[in-house]
Amino acid sequence: MKTTMTDLDTNQNDCPFCGDHVEGRIIKEYGTVIGIRDKYPVTAYHTLVLPRRHTPDFFSMTPRERRDAEALILSLKDDILKNDHSVVGFNVGINCGEAAGQTIMHAHVHLIPRRLGDTPNPRGGVRGVIPDKMVY
């Protein structure tokens, strides 16, 4: 099913993930969610999964939106692995609230492909959001 802009919430004109802001950026969709490439990728194929409906964060997503997001993440992971054999891991991350690093207040999930050697020491993974806590 192809998404049209009328399917997207256009009431949030200032949101970069609503309405015309995402037109042409959708790479895949599933039910209530869409996938787009991150404009500022951490690694190649860094992808965002977000609900079509404007909602502030993961905790405000409906159960269906969360299920659809999970299904799309799994599908996108398979696509990335088919296209890039150097990918050997993933970080899946969600920032909820300004204190957690969320800068766009529209729910979105980061799917970040990882490759051996892309950072000197990946130990700690998502714990790196507080660098002093990354190594334990």
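Filter region 16-33 for residues that are closer than 18 Å to THR55 by Cβ and either hydrophobic (A, V, I, L, M, F, W, C) or not in a loop (DSSP other than H, G, I, E, B) (or both) and give the result.
Correct list: PHE17, CYS18, GLY19, HIS21, VAL22, ILE26, GLU29, TYR30, VAL33.
Could you check, for region 66-83, whether at least one of its residues is in contact (Cβ under 8 Å) with a residue 12 or more places away in the chain and in a loop (DSSP other than H, G, I, E, B)?
No.
I'd like to know if region 73-86 contains one or more residues that are farther than 24 Å from CYS15 by Cβ and in contact with a helix residue (DSSP H, G or I) (Cβ under 6 Å, 6 or more places away or on another chain).
There is no residue in region 73-86 that is farther than 24 Å from CYS15 by Cβ and in contact with a helix residue (DSSP H, G or I) (Cβ under 6 Å, 6 or more places away or on another chain).
Can you spot a residue in region 74-81 that is over 27 Å from CYS18 (Cα atoms) and either touching an Asp or Glu at 6+ places or on another chain (Cβ under 9 Å) or modelled with pLDDT under 95 (or both)?
no
Would region 85-108 turn up any residue that is in a loop (DSSP other than H, G, I, E, B), surrounded by 12 or more Cβ atoms within 10 Å (Cβ to Cβ), within 13 Å of the chain's Cα centre (by Cα) and among the polar types (S, T, N, Q)?
yes
Please find, among MET61, MET105, the residue that is touching a Ser or Thr at 6+ places or on another chain (Cβ under 8 Å) and touching a residue at least 12 places away in the same chain (Cβ under 8 Å).
MET61
For the structure I just gave you, tell me whether GLU98 is within 19 Å of TYR30 (Cβ to Cβ) and acidic (Asp, Glu).
Spelling it out, it is not the case that GLU98 is within 19 Å of TYR30 (Cβ to Cβ) and acidic (Asp, Glu).
Matching residues to (1) over 18 Å from VAL129 (Cα atoms); (2) not in a loop (DSSP other than H, G, I, E, B):
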| position | (1), (2) |
| --- | --- |
| ASP14 | yes, no |
| TYR40 | no, no |
| TYR45 | yes, no |
| HIS54 | yes, no |
| ILE112 | no, yes |
| GLY117 | yes, no |
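Given the conditions (1) of a type in the set (A, V, I, L, M); (2) under 15 Å from the mean Cα position of the chain (by Cα); (3) within 26 Å of ILE130 (Cα to Cα); (4) outside any loop (DSSP other than H, G, I, E, B), which single one is not true for ILE36?
Going through the list (1) of a type in the set (A, V, I, L, M); (2) under 15 Å from the mean Cα position of the chain (by Cα); (3) within 26 Å of ILE130 (Cα to Cα); (4) outside any loop (DSSP other than H, G, I, E, B), ILE36 breaks only (3).
Conditions: (1) more than 15 Å from ARG37 (Cα to Cα); (2) out of contact with any strand residue (DSSP E or B) (no Cβ under 7 Å at 6 or more places or on another chain). VAL126 meets all but one. Number of the miss?
(2)
The values are calculated or read from the model by the stated rules, or taken from the named source; none is laboratory data. The model shown is predicted, which means the values in this text are computed figures rather than measured ones. Ideal geometry is used to build each Cβ from the backbone, glycine not excepted, and the neighbour counts take in all protein chains shown.
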